[in-house]
Amino acid sequence: MSQRRRVWLGSVVCALSLLAIPGLAAAAEGGGGLISVDWSLAVQVVNFLFLLAILYRFLYKPLLGKMEERTVAIKRSLDEAQAARAEAARQQEENATRLRAAYAEAQSIRAAALQEAAEEQRKLVDSARREAQQLVESAKAQMDSDVRRAREELRREVSEIAVTVAEKLVRRSLRDEDHRRIVEDTIARVGR
């Protein structure tokens, strides 16, 4: 507070000296200047000092108070801005960390999905191969069965044809007596 008073007092002294110097210079020359040195000068100085005191009391002090408030508000705003900037930087770093973690998780999920898809594809290929092998084996077994059946049927037909041909040949070449003898020999053999 004493420094403010010194500043104020210095301001008053400077103002008075600025007012007094031209007046003293004019009085030294012989009068007729702008300022005449008499009692009116003293009244003017007292009025001026009274005006300065009023201005100091009602204008300068509130102005200093407002400036001090403004300084405090600006400092507080700067501190808040700095804190907000630090919070934003922290939030940005946190978001970057989350983004990296999400990217890593997505990569691991993708890798797991690709591995699972490859495993599923391998299983499907193996299953398809087994089914194809079973179909081939089934077809071979069916073919073998069909070939056996066809051979048996062919043998039966060949034997029937051979029997029929032999019957025809035997009927032509055998007489009744030979025929009876063969039938009796066959019946005897079957009876044993």
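None of the figures in this text is laboratory data; all of them are computed from the coordinates on show. Just so we're clear, the structure is a prediction, and the values are computed from it rather than from any experiment. Counting neighbours? That spans all protein chains shown, and the Cβs are built from the backbone with ideal geometry, glycine included.
Can you divide the C-alpha Rg of segment 103-145 by 2.2 N^0.38 Å and report the result to two decimal places? Don't jump to the answer; show the numbers that get you there.
Details: Rg = 18.3 Å, N = 43, 2.2 N^0.38 = 9.2 Å.
Dividing the Cα radius of gyration by 2.2 N^0.38 Å gives 1.99.
In this rough spin-label picture, where each label sits 7 Å from Cα along the Cβ direction, the Ala104-Ala53 distance is 7.7 nm.
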